[in-house]
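Worksheet: the structure to be examined is printed underneath.
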Amino acid sequence: VQITEQNGNPMPGISTSVTYVSGSGWLTPSLSSTSGPATLTLNASAAGLTPNTYTANVAILVPGATNTPRDVTVVMVVLAPPTLAVDDASKTFSATVGSGTTSQTANLSNLGSGGPIGGLSASTAYTGGGVTGWLTTSLSSTSTPSVITFTVDPATAGLVSGATYTARVTISGTGVSAVTVDISFQAQ
C-alpha cells in the first residue's frame, strides 16, 4: 500500500495499528518509512489457524492529516490442506481355493482443498503371516479422483481351505498422509 501526501509534503510520525475482526496475530504490517512517502507491506501468516476466513482492519495514522486514520481491510482465507481419503477402510473376500480371481474397488478422493492429489501408489503388507502374493492392487489413475481395485487370487499356491488371510494396503500420495485399507480373505 503506497502512502503519499497529495502535495508532496513530509508526513512525519506515520504509524499503523491492527484491529482483528476474526483470529488474532496473523497479520504483520511494516512501513518502509515513518515520514512518508512510505510503502505499507502487509504480511499474513496462516500458522496455527484453522481453515476459515479471517478479517483484520489496518489503520494508517498520519499526525496532522485531515483524513486520518485511513483503514485498509485485509481478508485472508485459510484452506484445509489436501487430504487423501478412501471411502472404505476394509474389504472382505470369500472364495473357494483354486477358483478364479475376484475383485472389489474403493474410491480415492481429496477431502481438502486444492486440486487433485498426485503421485498415488499402493503397497501391500501381508499381516497374517504365511502365504503371500494372493492380493494385487491397481489404480485407475495416479491422481485423485481414482479407483483402487483389490484382486484376490484363490489359486495362489499354498492357500488352505478354511484359513483366513489378511493384508493391509497402504495408499500414498504426494504431500499427504497415507490411508490404509485392511483386506481379509476367507479361503473356502
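We did not get these values from a lab; they are worked out from the coordinates using the rules stated. As the structure is a prediction and not an experimental result, all values here were calculated from the model. Neighbour counts are summed over all protein chains in view; Cβ atoms, including those assigned to glycine, are modelled from backbone coordinates with ideal geometry.
Among residues of segment 19-47 being over 31 Å from the mean Cα position of the chain (by Cα) and among the hydrophobic types (A, V, I, L, M, F, W, C), the one that is surrounded by the most Cβ atoms within 10 Å (Cβ to Cβ) is ALA38.
Which condition from (1) assigned to a loop (DSSP other than H, G, I, E, B); (2) without any contact (Cβ under 8 Å) to a residue 40 or more places away in the chain; (3) surrounded by fewer than 16 Cβ atoms within 10 Å (Cβ to Cβ) is the one that ASP71 breaks? Failed condition: (1). If you go through segment 7-17 and keep only what is in contact (Cβ under 8 Å) with a residue 40 or more places away in the chain and in contact with a Ser or Thr (Cβ under 8 Å, 6 or more places away or on another chain), you end up with MET11, PRO12, GLY13, ILE14, SER15. When segment 48-63 is examined, which residues are found to be in contact (Cβ under 8 Å) with a residue 24 or more places away in the chain and either assigned to a loop (DSSP other than H, G, I, E, B) or of a type in the set (Phe, Trp, Tyr) (or both)? The answer is LEU49, THR50, PRO51, TYR54, VAL62, PRO63.
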